[in-house]
Structures are given as structure tokens and as C-alpha cells.
Amino acid sequence: MKINSNLAVSDSGFIFNPSNGDSFSTNAVGADIIRLMKEGKKLTEIKKEMSAKYDVEPGAFEKDYEDFISQLQDHFLVSHV
Amino acid sequence: MKTEKLKYERPAIRKMNTGLMNKFGTRTEYAPFTHIDGVSVKELINKYGSPCFVISERTIRKTYQNAVRAFKTRYPKVQFAWSYKTNYIDAVCNVFHQEGSWAEVVSIFEYTKAIENGVPGNKIIFNGPEKTKADLKVALENNSYIHVDHFDELYDLIELTQELKKTAKVAIRVNMDTGVYPMWDRFGFNYESGQAWNAINKIMASEYLEMVGLHCHIGTFMLDPNAYAVAASKLSDLAVNIKYVFNKTIQYLDLGGGFPSANTLRGAYLPGPDMIPSIDEFAEVITNTILNYGYKKEDLPLLILETGRAMIDDAGYLLGSVIANKRLSDGRRATIMDFGVNILFTAFWYEHKITPAQEFSSHTEDMVIYGPLCMNIDVVRSSVTLPALNRGDHVVVHKVGAYNMTQWMQFIAMRPKVTLIDTNGNSHIIRENETVKTITEPERMPDHLKTFNL
């Protein structure tokens with residue numbers, strides 16, 4: 001799963017997709033995940049970084065991560081590689 | 001040195017749309033609701049479990065005193081009677097009785113509760129369509145006010161008083177057209193058709209019935225105060241005619257209840273608090289109508305009010321927790337709570353305000369709130385905008401004091417504790433949670449069904 005590389009993401013969680021003009025807002029955790037995905041990180045690395053930064057168990061995070069990815073898919077922000 | 005981790009919130013994303021502006025905005029909550037009357041929601045859940053109901057005694061007293069002020073500053077003789085069916089947990093009833101409320105009951109079950117709470121029989125108003133002869137006998141012996149609902153009851157009462165040679169204090173419930181739809185004509189005797197006047201004639205001709213009052217209850221969650229002006233005027237017309245024809249002074253007019261609370265009705269365009277008239281507006285039209293009707297000063301009737309919902313809804317909270325989050329097939333977020341329509345019966349007609357009980361970010365999601373029941377009807381809010389809620393997070397449902405603790409169902413799950421925060425900020429259990437034994441104790445097992453082999 002790869003996040004579209006041309007997405008513009010601001011620190012406050014504003015996302016702009018230049019390919020179709022759609023814009024989105026996400027919360028801090030969502031913005032961090034997108035940033036890490038843009039850096040090319042995989043789930044295991046993202047999980048490690050996020051559970052170090054936030055007060056969350058890795059298992060609970062993974063469940064929310066999967067749900068978040070499905071939301072990104074619904075909005076055509078990720079693609080299978 | 002250990003660094004503190006940041007508070008986690010479930011990741012969420014929302015597409016931003018232009019051209020779909022809502023002038024009322026979409027956010028529903030701006031701040032967490034962490035304390036009720038100074039007591040921490042988290043502590044209450046730790047102590048009493050989740051879900052649990054919390055009643056604020058301070059809010060009940062404040063709301064009641066405000067309503068009494070609204071009427072007593074406009075009219076010389078006012079009496080409130082607590083509507084037991086709205087919330088008949090004994091501790092709640094006793095707060096109203098301490099404030100001076102009589103009891104208004106609609107079944108022998110509620111009547112017995114009022115007597116056991118210590119309400120004198122002559123301060124109980126017995127309403128409702130079901131009063132057996134045995135029930136009527138109890139009310140008669142206790143000298144209670146009997147509000148007759150139909151002719152069958154009236155004839156039962158005539159027979160009974162003749163047998164016992166004891167006088168009953170009676171009023172009739174009158175239904176009428178007040179310009180409000182739907183018209184409640186299933187209770188009492190109709191005004192426009194002359195049925196009410198026929199009942200009055202029958203009572204006045206009965207040796208052991210004393211016609212002391214006239215009662216109406218024109219509807220529920222009434223949003224038009226003027227309907228009460230029509231009701232007060234029609235009851236006054238009957239009272240004045242009784243005086244003229246029979247030279248009998250009617251002691252009281254009971255305008256019933258039906259005043260709304262600040263909840264938002266399902267499908268309403270505006271939120272409840274922006275829509276409902278204040279209690280002063282109802283008081284103004286009712287008292288003005290009676291005072292201007294032309295009663296002689298000595299004949300001015302006592303004004304009785306049986307308002308329930310408007311007195312108790314604001315004082316009730318339901319605390320609950322998130323069981324799970326899921327996504328529906330159409331992409332909508334669904335949040336499953338540990339409380340459902342079994343204990344929050346009013347979710348069928350209100351869009352209840354639900355507030356997270358812990359800090360949250362500014363990011364929100366549209367979601368459906370489901371209860372825990374394995375039943376499709378268990379929907380608490382079909383669409384609400386709330387912050388991303390994590391599993392185990394607590395929420396507070398507001399304005400749940402009316403009807404939920406009487407109409408709740410023992411269905412699939414057991415009913416939780418009801419607690420009360422007193423005016424000093426101390427919390428008390430006023431109704432224990434149910435256990436399996438509560439449910440199975442009244443059951444009986446025939447001998448041939450006691451065993452089985454699987």
C-alpha cells in the first residue's frame with residue numbers, strides 16, 4: 001500500500017490532492033501516519049514510531065491503522081504497488 | 001528521564017466539501033463534559049459501573065422552584081403534583097414531595113408507591129383509564145382525588161359509594177380541541193360534544209359524589225402555549241356553568257402537564273433549547289386566562305399542575321462507554337456504546353445530546369451511535385458529529401431524567417444502577433442494578449422441564 005506521492009499535507013492535517021482538487025482534514029495521528037507513509041515507512045516501522053510517540057498499545061494502533069487505510073482507499077489517496 | 005507520551009486519538013480523515021454550508025454548523029461538541037455537579041464522571045463510572053444513570057438533586061430543586069415561581073408570582077393559589085409515571089424512583093419522588101408537590105398517579109401500582117413514600121391519601125390525584133373497583137375503594141377510603149376517565153368508571157364509583165355510604169371527591173378528565181394536532185380524545189370526556197357536561201350532570205345527581213375539580217391534559221411536549229389558554233378557557237366555562245346551574249363552586253382546575261423539556265425532537269429543524277417556550281410563557285397564558293375569565297374572587301379555583309418531563313429531564317444523565325468502533329458498508333463510522341434503547345427509551349423520539357467525557361481534538365466525524373443489543377432497532381443516534389472516540393472512552397448523554405427510568409425495558413441486558421448527587425455533592429445509589437437473580441426469581445420451572453440431556 002503506497003500513499004500518493006503528490007499529496008500535499010500540512011502540519012495541521014490539511015490534505016490537498018492536486019490530481020483531482022479534493023481536500024481533506026485529518027487529526028494529528030492521521031497526519032503523522034500519512035507523513036510516515038510518504039517517507040516510505042512500512043506498517044511495522046509506523047507502529048513502532050507511533051506507539052513510542054503516543055499513549056497507545058501497538059495492537060490497538062494496528063486495528064485503527066487498518067481502518068484508516070480503508071478510509072484513505074475510499075478517498076483514492078493510496079494505491080496498491 | 002521518562003518523556004510523557006502524547007494522548008492518542010483514533011486516526012480519522014474527512015473530505016472537505018464546498019457549497020454545502022450549514023448555517024448552524026456541524027460540530028456538536030466543543031468541550032468535554034467531565035463533571036456533574038462537581039463530581040467527576042470518571043469517578044462515578046469507576047464507583048458505579050458503566051452504564052449508569054445519574055440524577056442531579058440540585059437541578060431538580062432548581063427547575064421545580066423556577067416553575068413554582070413562574071406560576072405563584074402570577075396566580076394566588078397554585079399546587080404542583082408530581083407525575084409518578086415520568087420518574088417513580090422513590091428518592092426522586094421524595095425530592096418533589098420535600099419541595100411541596102402532591103402525587104399524581106395513573107395506576108394502583110403508582111398509587112401504592114405514593115402511599116408507601118408517605119404521601120397523605122388526600123394529597124394524591126388518581127388519574128388514568130384503569131381503576132378497578134378495588135382500586136377505587138382504596139382511593140375512596142384514603143380520601144384521594146379521583147379523576148374519572150370514562151362512564152364505566154363513573155358507574156362503578158357510583159355503585160361503590162352507595163354500597164359504602166361514603167362520599168368520593170371527584171373530578172372529570174376533559175378532552176377538547178385546543179387547536180393542536182393530534183387531539184388527545186382517548187382520555188376523559190369530550191367538551192365539544194357535550195359528553196363532559198353529561199358526566200357532570202351525572203355526578204351532580206349522585207348522592208355520594210362531590211364534584212371538586214376539572215382536569216385536562218391536552219398533549220405532550222407541547223410547543224404552543226396558546227393551546228393552554230384554550231384549555232383553561234374551556235375548563236373555566238364548565239366551572240362557571242356548574243356554579244350557575246348547580247350553585248356549586250369548583251375547588252380546582254387541573255391543567256395537567258405536557259410542557260416540553262429542552263431536548264431536541266427527532267426531525268426538528270432547530271435544537272430543543274432554541275425552540276421551546278419557557279415555563280413563564282406557559283404560566284402567563286394559563287393564569288391570565290383564568291384570572292380574566294370572570295370568576296368571583298372567592299370562587300377563584302386552585303390551579304393544579306402535573307408537569308413531569310419539564311421538571312426532571314434536565315436533571316438526568318446517562319453515563320456510558322464505547323464498546324467498539326466499526327465502519328459500515330457505505331463507509332460511515334459506527335460507534336457501539338454499552339447503552340441502548342433498552343435503557344434509553346427516549347432515543348426513539350429525541351436526538352439526544354451526547355458529549356465525550358474526556359479531552360478530544362477538534363477533528364470530528366459523522367457517525368451512527370448504536371447500542372449493545374443484538375437488534376436492528378437499537379440506534380441511539382442515526383447521525384451525529386462527534387470527535388473520534390476510542391474504545392473505552394466515556395460519554396455523557398444529557399437530559400434523560402424523564403420516562404427512561406420508568407419506560408426502560410429489561411430486554412437482552414439488565415438495567416444499570418441509578419445514582420443521585422445530592423446538593424452537597426455526595427453521590428448515592430437510589431436504585432441498584434439488576435442481576436440475573438432479579439430476572440429469574442419470579443420464574444417457575446415445571447418439574448418435567450427441570451432436566452435435559454444434550
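Nothing in this text is a laboratory measurement; each read-out follows from the coordinates by a stated rule. Predicted, not measured: the structure shown is a model, and the values here were computed from it. As a convention, Cβ positions derive from the backbone with ideal geometry for all residues, glycine included, and neighbour counts pool all protein chains shown.
Within the protein assembly as shown, antiparallel bridges make up roughly 50 percent of the DSSP beta bridges whose residues both belong there. Placing unit charges on the Cβ atoms only, positive for Lys and Arg and negative for Asp and Glu, gives the range B:74-175 a dipole magnitude near 420 debye about its Cα centre.
Sorting B:F33, B:F259 by the number of Cβ atoms found within 10 Å of their own Cβ, with the fewest placed first, yields B:F33, B:F259.
Between the range B:368-440 and the range B:57-71, the C-alpha centres lie 25 angstrom from each other.
With contacts taken as Cα pairs under 8 Å at a separation of at least 6 residues, chain B carries a relative contact order of 19 percent.
Residues B:H35, B:H147, B:H398, ranked from the fewest to the most other C-beta atoms within 10 Å, line up as B:H35, B:H398, B:H147. Our helix-only sum for the protein assembly as shown, with -39,500 (n - 2.57) per DSSP H run of n ≥ 4 divided by its residues, gives a mean residue ellipticity at 222 nm of -9000 deg cm²/dmol. Across peptide B:327-337, the average count of Cβ atoms from other chains found within 10 Å of a residue's Cβ is 1.
Please work out the C-alpha center-to-center distance from the range B:202-252 to the range A:28-42 and express it in whole Å. For the range B:202-252 versus the range A:28-42, the Cα centre distance is 72 Å. The phi torsions of the range B:425-442, fed into the Karplus equation with coefficients 6.51, -1.76 and 1.60 and a -60° offset, translate into couplings of x, 8, 9, 9, 7, 10, 8, 5, 6, 6, 10, 4, 4, 4, 7, 8, 4, x Hz, rounded to whole numbers, with Gly and Pro shown as x. Inter-chain neighbour count for A:56-66: the average number of beta-carbon atoms from partner chains within 10 Å of each residue's beta-carbon is 3. Short-range pairs are left out: with C-alpha atoms under 8 Å and at least six residues apart, the relative contact order of the range B:57-313 is 20 percent.
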